[in-house]
Amino acid sequence: MNEKRLSELSELMKKLSYSFTDPALLNTALTHSSYVKGENRASTHNERMEFLGDAVLELCVSEYLYLNYPHMNEGMMTRTRSRAVYEHALYEAAKTIELGKYIRLSHGEEHTGGRDKPSILSDALEAVIGALFLDGGLECAKRFVLTFVESSVKAAVQSVSAKDYKTLLQEYVQHHHSGELEYTVIGINGPDHKRVFTMQVSIGGVVYGFGTGGTKQEAGQNAAKATLELLNLPDPNASTDNKQ
């Protein structure tokens, strides 16, 4: 490893708040497979380390949920963890430390914007977690994970804890034997990359609420919410939103 690369890794270590005993581990974590398959066939890429880091990340988030949310059941813990560690959340965390500038890529991958690709950045972040685990142990990896992922964990907890409007409406219809509940797409607007769906809800053949959204799921949720309002049912999420 030349002096320039060691200097780059040293700069990143400051952002990680950790000094590697073996900087080669961090270097491997930042080596994309394209770099190896391209001009540098003797190098080792980060895919195995990413596999390890993914497991360490899930363990750290699972422990955090277990210790901090004692009333959360297993199913909710699983959904929360899944939302907290999905690609976009890791991508956002990677951007906060400018991880892209330290990744080794092939010239072709770099020219196609590889340094800012969510898949490359999120995978590299998991590999860095794996490198931290190998160099400093679980506590070291955990400190890093909670520093950069805790906010997404909390956001995921809030999201999963929120009531599902479609489920609430389904429960209401079943309880009152109101008839068949149907969701129908009545409009699709916008360009291919930015569709807007319009959904209507009918109960027992009578049309109630309408909703729009960027996906059918979102439009359905908004239509269910509008229907609950027409039925004069309280919004179970309003008290959460209005808390100071």
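The values are calculated or read from the model by the stated rules, or taken from the named source; none is laboratory data. It should be emphasised that the depicted structure is a prediction, and the values quoted were computed from it without experimental measurement. Don't worry about glycine lacking a Cβ; one is built from the backbone with ideal geometry, like all the others, and counts go over all protein chains shown.
Some points to look at:
- Strands (runs of 3 or more DSSP E) within the range 148-244 that include 2 or more residues exposed (fewer than 13 other Cβ atoms within 10 Å of the Cβ) and modelled with pLDDT of 90 or more: 181-189
- Looking across the range 138-186, just one residue is small (G, A, S) and at positive phi, and that is G179.
- Residue list for the range 88-108, restricted to those being touching a Ser or Thr at 6+ places or on another chain (Cβ under 9 Å), in a helix (DSSP H, G or I) and surrounded by 14 or more Cβ atoms within 10 Å (Cβ to Cβ): A89, L90, Y91, E92, A93, A94
- Among the helices (runs of 4 or more DSSP H) confined to the range 20-73, the ones with at least 2 residues that are at pLDDT 95 or above are located at 23-29, 47-68.
- Condition met for K166 (among the basic types (K, R), more than 20 Å from L57 (Cα to Cα) and in contact (Cβ under 8 Å) with a residue 40 or more places away in the chain): yes
- Residue ID - farthest from L65 (Cα to Cα), chosen from residues in the range 124-147 that are within 15 Å of the chain's Cα centre (by Cα) and at pLDDT 95 or above: A124
- Filtered by the rule that a residue be within 16 Å of V128 (Cα to Cα) and not in a helix (DSSP H, G or I), the range 1-19 gives S17, Y18, S19.
- Any pair with Cβ under 7 angstrom, 6 or more apart, that starts in the range 1-20 at a residue that is closer than 17 Å to A127 by Cβ and ends at one that is part of a helix (DSSP H, G or I) and charged (D, E, K, R): F20/D135
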